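Here the structure is laid out as structure tokens; the discussion comes afterwards.
Each value in this text was obtained by applying a stated rule to the coordinates, not by laboratory testing. Just so it is clear, the structure is predicted and the values come from calculations on it, not from any experiment. Quick reminder, even Gly has a Cβ in these numbers, built from the backbone with ideal geometry, and neighbours come from all protein chains shown.
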């Protein structure tokens with residue numbers, strides 16, 4: 001980078017420290033909601049002793065790492081994704097000395113941290129490069145792409161580039177100020193009809209916390225939000241590289257009436273911030289109900305209590321009464337989740353049997369809980385079976401887990417199994433906002449029973465194409481492979497039910513047009529359709545695997561996931577990244593992590609920021625550039641830097 | 001708007017223009033018996049051409065009172081409402097929507113057919129023009145089959161002809177324009193001077209249309225339609241006609 005003379009001085013000062021980060025670059029290429037992100041860094045051990053240098057990158061949990069390479073003093077280490085056992089065996093044969101890698105999942109903000117550490121002599125040059133891919137989901141009317149920037153120190157060449165290409169056009173793109181006021185004016189957005197480029201390239205001076213400071217103020221989340229043009233309610237069908245992707249996000253439809261049973265945990269552990277935030281959120285949520293909606297509230301601890309035994313209309317009187325009721329609740333006692341959910345389902349069934357429920361309305365149970373069951377049925381698998389047994393096809397269960405003491409996997413399973421979704425709510429000062437945001441996502445169902453189909457023999461390997469509900473502001477995505485055909489047009493048919501009407505819509509796409517267009521786009525991700533299909537398929541298989549009723553079925557799904565992940569080079573719970581030197585004599589292994597057991601690893605308090613999205617300090621998180629002075633082993637004092645024993649103090653990573 | 005009325009028994013087509021003001025809503029079909037009404041609102045071209053501002057249909061509404069469902073077709077999209085709920089669709093995708101006895105079939109960027117109880121159909125054709133044309137604007141055409149079933153109370157600029165009048169044309173002679181014959185038409189007790197002309201049916205080809213020879217009735221169909229055309233101007237897109 002070309003530096004001003006002042007910056008040159010600063011750089012000399014930085015270089016005088018033990019570790020110098022010469023370059024830190026992040027580039028994301030987003031094509032049709034699918035993002036490929038590359039994080040590159042160049043580091044020098046500018047100290048006088050051998051030391052460990054780490055490279056830590058926080059990535060969204062929903063992303064799959066797809067590659068990692070590193071060059072240590074001219075020796076290149078290349079990554080490849082393999083089945084876990086294969087990777088572990090290979091790793092065991094040639095463990096790299098003085099190098100380690102791992103992926104650590106923290107109980108915060110749905111993040112993982114990819115960590116690599118190398119122990120190198122003075123003057124060493126190391127270049128790191130990490131790749132990951134993810135699909136962006138539309139929520140509340142926009143897509144959000146986040147990058148976690150923590151260079152740890154001032155960097156002469158610091159640059160973030162995000163390229164977006166959306167074939168149907170970009171409706172709007174903006175960058176909320178999540179990095180801090182200091183950087184608000186430094187983020188530049190250029191956009192045309194179907195492309196956008198967001199760049200953030202602060203100078204050394206601009207990175208500083210203060211004018212004379214030597215530390216960096218860049219420590220947070222870089223966010224981009226955008227939405228696409230939609231010229232039809234039928235959706236957008238794209239064909240590329242032998243694969244198709246259909247996006248469906250209609251608008252301008254009247255919302256369906258809702259029947260909601262709110263099931264709220266008021267056990268003793270909810271006392272304090274959690275209950276306060278829940279009450280605050282419920283005030284706004286109840287206000288959102290209309291006269292066409294029906295609702296009730298069940299609060300439970302070791303007992304189960306109903307504000308109203310039956311569903312009532314969302315009139316202002318009923319809402320006001322419900323709000324008062326919620327405010328009067330004092331959390332105490334144990335937790336009987338099973339009984340609470342049984343009662344909720346009973347309420348919906350009764351209303352349905354009595355003809356109180358509009359057949360075209362949407363019925364939901366929204367469960368808010370912060371802990372495991374302690375009273376009544378406490379075996380989670382039994383509760384799961386009980387719920388599945390009594391639920392009806394037309395009811396959905398949404399689960400919100402507050403805090404870290406709840407078994408989130410359980411909540412996720414019962415939601416997924418009952419046509420809903422689960423979300424973790426972080427028990428902090430903005431939990432109310434998190435709850436409200438979640439509710440906003442499900443407060444306006446527009447369509448039920450959506451099916452996206454294709455003519456016989458035109459496609460194969462289609463991902464989930466039947467959806468129970470479509471909510472305003474979201475998007476349904478179906479992908480698959482296009483079979484060879486004489487026609488150069490692919491057609492899809494979407495059927496759905498709205499309030500009182502049934503809809504069938506047809507969408508067409510030219511099978512060659514998009515590839516021609518992508519070839520002209522310098523910054524597009526040309527393999528996006530193939531990778532997006534693999535990404536969606538793997539995600540769905542992972543969910544299916546969690547709900548597989550038998551070991552045989554589970555094994556079959558496991559095999560499929562592994563095969564796809566290896567073919568498409570995704571690090572998943574069943575595959576690992578093996579990084580090896582050119583001569584294969586040194587290997588590192590980065591395994592996909594398990595979630596930490598709930599109840600541990602509280603994650604500590606979040607950083608500031610109104611969005612609540614600032615990264616959270618985990619139990620131990622060294623700064624990205626780990627600097628640990630280690631004495632050279634006496635026997636090697638004169639030998640030189642050929643082989644160095646591991647330092648006495650190491651960061652433990654997975655597979656140690 | 002150019003009207004073409006096909007008379008199956010007489011085996012002839014009679015046409016006339018309605019030259020009204022932009023913003024006026026003309027009643028096309030008003031059937032108090034079945035509860036069906038079809039109205040069209042006029043829009044104008046962007047500026048006068050040869051001193052004259054042209055008018056077209058910019059919105060056509062089909063309202064079926066028994067179900068309370070209305071379908072309003074605009075040049076920008078199609079809106080459906082049942083009083084409590086409203087939904088809109090664009091011209092950008094082929095779709096079919098059904099609610100109670102009303103079915104809407106949209107053919108992408110082409111036309112929409114509204115079918116009521118399987119026995120009454122209205123087809124609205126989209127005419128798109130170059131956006132930057134200095135004069136022309138997008139507009140709509142409407143096609144209503146003779147086979148539609150109405151009650152005896154049906155009326156409107158088009159509906160009145162579901163009861164086919166007796167028409168006779170005689171004394172065909174060369175007209176002022178040698179390419180266009182003239183003749184005398186007797187209809188509804190009126191004797192009219194008519195001119196042989198060509199109109200267009202755009203159902204098969206929305207750009208060029210196919211020629212339809214017809215006897216043109218001058219002065220906004222005076223003598224051929226019941227009453228005066230101004231009696232077919234209604235206050236809203238859902239309004240029924242009070243018979244002249």
Protection proxy ranking of B:183-189, A:217-223 - average other beta-carbon atoms within 10 Å, highest first: A:217-223, B:183-189
Per-residue mean of C-beta atoms belonging to partner chains within 10 Å, peptide B:107-114: 1
Helix axis angle, A:84-93 relative to chain A longest principal axis, alpha carbon, degrees: 20 degrees
Computed P(r) (all Cα pairs; the stretch A:166-218; 10 Å bins; percent): 22, 40, 23, 12, 2
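Can you give the calculated 222 nm mean residue ellipticity of chain A, where each DSSP H run of n ≥ 4 adds -39,500 (n - 2.57) and the sum is split over every residue, rounded to the nearest 500 deg cm²/dmol?
Values: 12 runs with 149 residues, N = 656.
That calculation yields -7000 deg cm²/dmol at 222 nm.
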Packing-based ranking, highest mean first, of A:401-409, B:49-57 given that Cβ atoms within 10 Å are counted: A:401-409, B:49-57
At 1.306 mPa s and 10 °C, Stokes D of the stretch B:136-193 from Kirkwood alpha-carbon radius, µm² per second: 109 µm²/s
Neighbouring partner chain Cβ atoms per residue of A:224-232, average, 10 Å criterion: 2
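Report Rg(Cα)/(2.2 N^0.38 Å) for the stretch B:58-174, keeping two decimals.
1.27
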Degrees separating the helix A:337-353 axis from the principal Cα axis of chain A, which is the longest one: 40 degrees
37 °C / 0.692 mPa s Stokes-Einstein diffusion coefficient of the stretch A:400-521, Kirkwood radius on C-alpha pairs, µm²/s: 187 µm²/s
Per principal axis, descending, Cα span of the stretch A:46-171 in whole Å: 52, 41, 31
Debye log10 I(q)/I(0) at q = 0.04, 0.07, 0.10 Å⁻¹ for the protein assembly as shown, Cα point scatterers: -0.26, -0.72, -1.18
Relative contact order computed over the stretch B:102-244 (Cα-Cα under 8 Å; 6+ residues apart), in percent: 13 percent
Shape metrics for the stretch B:112-239, restricted to C-alpha atoms - Rg then Dmax, Å: 17.3, 48
Exercise: per-residue mean of other protein chain Cβ atoms within 10 Å, B:82-89: 6
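Sum -39500 (n - 2.57) across every DSSP H segment of at least 4 residues in chain B, then divide by the residue count to get the 222 nm mean residue ellipticity, nearest 500.
On the way: 1 runs with 4 residues, N = 244.
Value at 222 nm, helices only: 0 deg cm²/dmol.
Could you list B:120, A:146 in order of exposure, starting from the residue whose Cβ has the fewest other Cβ atoms within 10 Å? Please report the intermediate quantities before stating the final value.
Values: B:120 23, A:146 20.
So the ranking, lowest neighbour count to highest, is A:146, B:120.
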Largest-first principal axis extents of the Cα set of the stretch B:1-141 (Å): 48, 40, 24
Mean Cβ count within 10 Å, highest first, over the residues of peptides A:76-87, A:232-243, B:8-19: A:232-243, A:76-87, B:8-19
Intensity falloff of chain B expressed as log10 I(q)/I(0), Debye formula with alpha-carbon point scatterers, at q = 0.11, 0.14 Å⁻¹: -0.59, -0.96
